[in-house]
Amino acid sequence: MLTKTLIRIFARDLQKLKTEIRAYNREENLWLFNKDIANSAGNLCLHIVGNLNHFIGATLGSTGYLRQRDLEFSLKNVPEAELLKQIDDTILMVEIALKKLSNEDLEKPYPIVVFKEPMTTEYFLVHLTTHLTYHLGQINYHRRLLDS
């Protein structure tokens, strides 16, 4: 079933996010940016967590999570330990929410319109995995460029 695969992929890539966050030589470097790199690794981490908690947790899992997307990019200097905790909480939330979905649920339209046209829940969940990996790659690049 696709949900088992998605749970494994989200867990794998969120664990990799933890590895990237821990790999910074100096914690304050998580928050660096420059004219060529507009988003810090810390803000991208907050964005990934907020995105998944909104689109999977609140929308599919009824967690009650209230997203504050602007804070994902404006908060600074959140301690590394807090980022790691948020990632761990997100891994658990994704597993719980996705385990509740049936194959029929995946074929239904995703409950909210995100890209100006309806799509299936399956399609959007696959999109969310690629969104996560896109930003994970940005964080890896950020670390290699700015964490010297």
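The values are calculated or read from the model by the stated rules, or taken from the named source; none is laboratory data. For clarity, every value in this text was computed on a predicted model and none was experimentally measured. Cβ coordinates were reconstructed from backbone atoms using ideal geometry, including for glycine residues, and neighbour counts include every protein chain displayed. Side chains are part of the model used for accessible areas, which takes the heavy atoms of the whole protein and leaves out ligands, DNA and RNA. Shrake-Rupley method; radii C 1.70, N 1.55, O 1.52, S 1.80 Å.
Structure summary
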| quantity | calculated |
| --- | --- |
| Subset of region 51-64 [under 14 Å from the mean Cα position of the chain (by Cα) and either touching a residue at least 12 places away in the same chain (Cβ under 8 Å) or open to solvent by 40 Å² or more (accessible area, probe 1.4 Å) (or both)] | Asn51, Leu52, Asn53, His54, Phe55, Ile56, Gly57 |
| Single residue of region 113-139 satisfying the filter (among the aliphatic types (A, V, I, L, M) and not in a helix (DSSP H, G or I)) that is farthest from Gly50 (Cα to Cα) | Met119 |
| Single unsatisfied condition, Ser148 versus (1) of a type in the set (S, T, N, Q); (2) exposed (fewer than 14 other Cβ atoms within 10 Å of the Cβ); (3) closer than 15 Å to Phe55 by Cα | (3) |
| Qualifying residue in region 65-82 (condition: free of Cβ contacts under 8 Å to residues at least 40 places away in the same chain, open to solvent by 20 Å² or more (accessible area, probe 1.4 Å) and touching a strand residue (DSSP E or B) at 6+ places or on another chain (Cβ under 8 Å)) | no |
| Residues within region 39-50 that are open to solvent by 10 Å² or more (accessible area, probe 1.4 Å) and among the polar types (S, T, N, Q), tallied | 1 |
| Among residues of region 128-139, those that are open to solvent by 40 Å² or more (accessible area, probe 1.4 Å) and either more than 24 Å from Ser40 (Cβ to Cβ) or in contact with a helix residue (DSSP H, G or I) (Cβ under 8 Å, 6 or more places away or on another chain) (or both), counted | 2 |
| Residue match in region 104-115 (condition: under 14 Å from Thr5 (Cα atoms) and crowded, with 19+ Cβ neighbours inside 10 Å) | yes |
